Structure formats: C-alpha cells, structure tokens
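The values are calculated or read from the model by the stated rules, or taken from the named source; none is laboratory data. Quick caveat: nothing in here was measured; it's all calculated off a predicted structure. Here the Cβ positions follow ideal geometry from the backbone for every residue, glycine too, while neighbour counts run over all protein chains shown.
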Amino acid sequence: MKKLEVLPFSYALAGVSAMTILFLGVFGNFGFYMGGVEMMSRWHMFFSLSSIGILTGVIEAVIISFLFGYIFATLYNHFVK
C-alpha cells in the first residue's frame, strides 16, 4: 500500500474545513442551511454568523482539522509498514 504524504493531506483537510465553515457562514447570513449553521455553532466554540465569528470559526476549523489530519496520516503510515 502507498503511504500518505502527511503535510499535503493535512493542508488539504484544513482547506476543505475552512471552505466549509466559510460557505456555511456566508450562506447562513442569507438564511440558507440554518440547520448546518446551528450544528456548527454547537460544535465550534468560536463560530457565529458575524464576520468575526466566521473568521474565528474558520481559524478554529483549520487548526483542528490540520491536527487531526496530521495525526491520522502519521498513524496510517505507521500501520501500513
């Protein structure tokens, strides 16, 4: 089996998370996806529909997803050997 490239995998996961939070924040301000916005407000400590809340939610999502992606890829590569 092939190994995962740890940093590109982590960066990609962080980018997808950032775009998801950003889109939820923007569309939530227009009244779309309010169920998703409510869930993100519960799951992410700093996310809200204000511009500062969206920015801090994006930063939080990037940090968390990068760390989880890095740990996952490292463990995956360790067990694939």
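In the range 38-81, the residue that is farthest from Met1 (Cα to Cα) out of those that are out of contact with any helix residue (DSSP H, G or I) (no Cβ under 6 Å at 6 or more places or on another chain), surrounded by 16 or more Cβ atoms within 10 Å (Cβ to Cβ) and polar (S, T, N, Q) is Ser48. Could you tell me whether any residue of the range 5-27 is more than 16 Å from the chain's Cα centre (by Cα) and farther than 30 Å from Phe79 by Cβ? The answer is yes; a qualifying residue exists.
Applying the criterion of at least 3 residues that are of a type in the set (Gly, Ala, Ser), modelled with pLDDT of 95 or more and touching a Gly at 6+ places or on another chain (Cβ under 8 Å) to the helices (runs of 4 or more DSSP H) found wholly in the chain leaves 6-29.
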